[in-house]
Amino acid sequence: MLVLSRKEQQEIMIGEKVIVTVVKVAAGKIKLGITAPNSVKVRRLDVLQAGTMENGEDSHEI
């Protein structure tokens with residue numbers, strides 16, 4: 001895992017087409033903006049895992 005420190009409005013590029021922007025940092029929460037082509041699916045892992053667990057499946061097989 002790569003761990004980076006960024007301030008508000010700073011960006012990180014993933015690959016050639018995905019940009020992650022730190023939009024806001026406040027009260028222990030971070031808001032991220034993600035710019036990616038429509039062909040790239042951007043999903044929250046916690047939501048995927050919760051949905052998988054509700055279906056009775058192993059949360060590691062997403």
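Computed values, structure above
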quantity	calculated
Residue 1-residue 23 pseudo-label distance in nm [points 7 Å out on the Cα-to-Cβ vector]	2.3
Between the range 28-54 and the range 1-17, the Cα center-to-center distance that results, in Å	16
Kirkwood-based Rg to Rh ratio, the range 1-57, C-alpha trace	1.05
Contour minus Cα-Cα distance for residue 32 and residue 10 (0.36 nm per residue)	6.9 nm
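Read-outs throughout are calculated quantities, based only on the coordinates presented, and are distinct from any laboratory measurement. The structure presented is a predicted model; accordingly, all values stated were derived computationally and were not measured. Cβ coordinates were reconstructed from backbone atoms using ideal geometry, including for glycine residues, and neighbour counts include every protein chain displayed.
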